[in-house]
C-alpha cells in the first residue's frame, strides 16, 4: 500500500521561489522532489 501524500507549506519570498523553480527547471529537476530529498536527508542526519 502506498503512503498518503500531504502538502507542506512554507513562507518564502516570491523571488526566492521563482529563482528556485527556474534553477531546478534548468537542471531538469522537479522542485518537489528536491524538497523531499532535503527533508529525508535532514531526518537521516538528525535522527
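Computed from Cα atoms, the angle from the helix 31-46 axis to the main principal axis of the chain rounds to 50 degrees. Which label belongs to the value computed from this structure, given these candidates for Rg and Dmax of the Cα atoms in Å: [x] 16.1, 50; [y] 12.8, 38; [z] 17.0, 50? Given [x] 16.1, 50; [y] 12.8, 38; [z] 17.0, 50, the structure-derived one carries the label [y]. Seen against the Cα atoms of the chain and their longest principal axis, helix 14-26 is set at about 80 degrees.
All of the numbers you see were taken from the coordinates with simple rules; none came from a lab. Everything quoted here is computed from the prediction, not taken from an experiment.
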